[in-house]
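*Asks:* Take a look at the following structure, please.
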Amino acid sequence: MNLPPQLPDLPLFRTIAEAAHELGYPAYVIGGYVRDLALQRESKDVDVVCVGDGIQLAQAVGRKLPNRPRVTVFKNFGTAMLPTPDIEVEFVGARKESYRAESRKPEVEAGTLEEDLARRDFTINALGLSLNPNDFGALIDRYNGVQDLQDKIIRTPLDPDVTFSDDPLRMMRAIRFATQLNFDIDPDTFDAIARNKERIQIVSQERITVELNKIIMAPKPSYGFKLLFASGLLQLIFPKMAALQGVERRGQHAHKDNFYHTLQVLDNVVEAGADLWLRWAAILHDIAKPPTKRFDPKVGWTFHGHEDKGARWVPGIFADLKLPLGEEMRMVQKLVKLHLRPIALVKETVTDSAVRRLLFEAGDDIDRLMTLCRADITSKDHQRVARYLRNFDVVEQKLKEVEEKDHLRNFKPVITGEVIMQTFGLSPSKAVGELKEALLEAILDGKVRNEFDEAYAFLLELGQRKGLAPQPAGAAGTAPSAATQA
Ligand code: CTP
């Protein structure tokens, strides 16, 4: 950490100071940029607050800069944005009321610097650096933000009930910053989250999901989810995940706590370098365990079919959370559905046919699937974990061999429905589908190679068994061949 934060010696800041001075507006660099200077984190934008008209200041600065960049004015927000070669600068006049990303209020009441700082979310985000001639670069720290950075504490500048009722999304932001920065949340601030949690309902799902995804992208997302759960927010924003928590016992039989297991799997995939969607797959892989839980006196607790039910739930969960519904969602769904398959392969003797089927179904996502499956082994028994992982090595070796031989990753059967229809003079019908399916099965079973002549010969055989005769050559144009069907 770089404490106290220091204003970088950039011509840009001198120019802003000059323009502000000419207008007679006290001006300050403020908020996330100052915090990130202290934390030595990269910032994408600088926020400048002036006691005066922020838009006017932005325009004055624009006129002074060598390339005279165009100022973008957001009249409704009373803000203006100035692009500079290194960083974007946002200007705003000090205001009395709270900072809300999407506050649509056209009129914001002008305020003093003190009032502006007081209505910000956290002490670490309420730091300023002066751009005024008499104390250029001086630190403004009315709420002990530097001390909180030092102590790694997230705390609201005012009574947390006030700060959170100004913008309930800040409850999510508190947990998000704690997770990103590995900070604690001050107990009074945390208690206020638990007390005000219901207010999250008035926040749009899009804004909640932005914060949730930032928690998920943090270096150790389990920490954020534990805070979300402990505060009661998770139960409101993502009840299905909260429902994973808990252990039930019958006699000798207790199942593991699926919430903490899921968090472990999530941290594991993060360590393996997962992107956002593989992280989502980890979060959702056991999501349907609660409704599929049964007790069988002979074997104990079972969760039969949780992978299928979970996969069926994925589109609804994504829709509720306003996550994208395209290929990312389909990938997550596929991983949830297939997450038990590699481990099942380990338990049986690994046949080529089973490996081929898995490759065919997983396609290009096979590597992600294997990452998820390795992450899913969370036993406390280290020997057991090591044994499973060794078995996975065997499966992975086998996957590689079969893939090299059969190229099933982007597999397309060489005999298409077109060929089948042409061959037997059929129109689109159930029979065509059945023939296609039977051919695919034979190929995946390794009875027939995915090569035109061999597959075509097998098709004729299948047809014969069903009493279908091939059309005489030339009757329906030219007979199909590998060349015309490629
Ligand atoms: N802010 C706030 N309440 C909010 C959102 C923002 O008080 N709900 C204030 C904080 O002072 C924050 C500043 O506005 O530092 C800028 O907000 P934003 O750009 O959303 O966050 P950063 O702090 O810059 O952090 P990040 O970019 O990681 O979101």
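Every read-out reported here was derived from the displayed coordinates using simple, explicitly stated rules and does not represent laboratory data. Please read all numbers here as calculations on a predicted model, not as lab measurements. Ideal geometry is used to build each Cβ from the backbone, glycine not excepted, and the neighbour counts take in all protein chains shown.
*Asks:* Loop-only trypsin sites (Lys or Arg not before Pro) in the stretch 41-94, please: DSSP not H, G, I, E or B, and at most 13 other Cβ atoms within 10 Å.
*Replies:* Arg41, Lys44, Arg70
*Asks:* State, to one decimal in nm, how far the label point of Arg63 lies from the label point of Ser165, with both points 7 Å from Cα in the Cβ direction.
*Replies:* Once both label points are built, they end up 4.4 nm from each other.
*Asks:* Applying 1/(1 + (r/R0)^6) with R0 = 35 Å to the Cβ-Cβ distance of Gln383 and Gln40, what FRET efficiency is obtained, to the nearest 0.05?
*Replies:* 0.25
*Asks:* Please work out how much length the chain gains when fully extended from Glu206 to Leu426, using 0.36 nm per residue of separation minus the C-alpha to C-alpha distance, in nm with one decimal.
*Replies:* Contour length minus Cα-Cα distance gives 74.2 nm.
*Asks:* In sequence order, what are the phi-derived ³J(HN,Hα) couplings for the stretch 235-240 according to the Karplus relation 6.51 cos²θ - 1.76 cosθ + 1.60 with θ = phi - 60°, rounded to whole Hz, with x for glycine and proline?
*Replies:* Those phi angles translate into 4, 8, 8, 7, x, 4 Hz.
*Asks:* Give the long-range amide H neighbours of Val89: residues separated by 5 or more places, or on another chain, with amide H under 5 Å away, using H modelled in the peptide plane at 1.01 Å from N.
*Replies:* Val46, Leu82, Thr84
*Asks:* Would you please put 449-458, 25-34 in order of how densely packed they are, using the mean number of other Cβ atoms within 10 angstrom per residue and starting with the highest?
*Replies:* 25-34, 449-458
*Asks:* When a/c is below 1.5 the answer is rounded, else prolate if a/b is larger than b/c, else oblate, so apply that to the chain with a ≥ b ≥ c taken from the square roots of the Cα gyration tensor eigenvalues.
*Replies:* Taking the square roots of the gyration eigenvalues as a ≥ b ≥ c, the chain is prolate.
*Asks:* Straight-line reach from Lys96: which lysines have a Cα under 23 Å away, not including same-chain ones fewer than 8 places off?
*Replies:* Straight-distance partners of Lys96: Lys75, Lys105.
*Asks:* For the stretch 1-157, rounded, prolate or oblate, judged on the Cα gyration tensor with a ≥ b ≥ c (square roots of eigenvalues), a/c < 1.5 rounded, else prolate if a/b > b/c?
*Replies:* Because a/c hits 1.5 or more and a/b fails to exceed b/c, the stretch 1-157 counts as oblate.
*Asks:* Can I ask one more? Spelling out what I want: for every residue of the stretch 352-360, take phi, set θ = phi - 60°, compute 6.51 cos²θ - 1.76 cosθ + 1.60 (Karplus), and round to whole Hz; glycine and proline get x.
*Replies:* Whole-Hz 3J(HN,Hα) from phi for the stretch 352-360: 4, 5, 5, 5, 4, 4, 5, 4, 4.
*Asks:* Give the residues of the stretch 413-447 whose amide nitrogen is closer than 14 Å to a point set 7 Å from the Cα of Ala469 in the direction of its Cβ.
*Replies:* Under cut-off, by backbone N: 424-425.
*Asks:* Ok, one more. Rounded to the nearest 0.05, what FRET efficiency do Val247 and Leu3 give with R0 = 45 Å and r taken as the Cβ-Cβ distance? Could you check?
*Replies:* For R0 = 45 Å, the calculated efficiency reads 0.55.
*Asks:* Taking the highest mean first, how do the peptides 216-229, 108-121 order by number of other beta carbon atoms within 10 angstrom per residue?
*Replies:* Per-residue Cβ counts within 10 Å, averaged per peptide and sorted highest first, yield 216-229, 108-121.
*Asks:* Let me ask you something else. Would you grab the residues whose amide H sits under 5 Å from the one on Ile154? Only those 5+ places off in sequence or on another chain, please, with H modelled 1.01 Å from N.
*Replies:* Sorted by chain and number, the residues that satisfy this are Asp184, Ile185, Asp186.
*Asks:* Ok, one more. Read phi for every residue in the stretch 420-425 and hand back ³J(HN,Hα) as whole Hz from Karplus 6.51 cos²θ - 1.76 cosθ + 1.60, θ = phi - 60°, with x for Gly and Pro.
*Replies:* Per-residue couplings from phi come out as 4, 5, 5, 4, 9, x Hz.
*Asks:* Given H placed 1.01 Å from N in the peptide plane, which residues other than close sequence neighbours of Trp301 have an amide H under 5 Å from its amide H?
*Replies:* It is Asp296, by chain and number.
*Asks:* So how far apart, in nm, are the two label points at Glu418 and Lys405 if each is 7 Å from Cα heading toward Cβ?
*Replies:* If labels sit at Glu418 and Lys405, their model points lie 3.1 nm apart.
*Asks:* Starting from the Cα-Cα distance between Asn134 and Asp445, subtract it from 0.36 nm times their residue separation and give me the gain in nm to one decimal.
*Replies:* 103.8 nm
*Asks:* I've got another one for you. When DSSP beta bridges are limited to those with both residues in the stretch 11-151, what percentage is antiparallel, rounded to the nearest 5?
*Replies:* Around 75 percent antiparallel, to the nearest 5.
*Asks:* Suppose R0 equals 30 Å. What FRET efficiency, 1/(1 + (r/R0)^6) with r the Cβ-Cβ distance, do Ala457 and Thr292 give to the nearest 0.05?
*Replies:* 0.10
*Asks:* Can you grab the distance from the C-alpha centre of the stretch 38-84 to the C-alpha centre of the stretch 356-399, Å, no decimals?
*Replies:* Result: 51 Å between the Cα centres.
*Asks:* Sort the stretch 160-237 into rounded, prolate or oblate with this rule: let a ≥ b ≥ c be the square roots of the eigenvalues of the Cα gyration tensor; rounded if a/c is under 1.5, and if a/c is not under 1.5, prolate when a/b is larger than b/c, oblate otherwise.
*Replies:* Oblate.
*Asks:* Same structure, new question: Of all GluC sites (Glu not before Pro) in the stretch 139-248, which ones are in loop regions per DSSP and have a Cβ with at most 12 other Cβ atoms within 10 Å?
*Replies:* Sites meeting the loop and neighbour criteria: Glu248.
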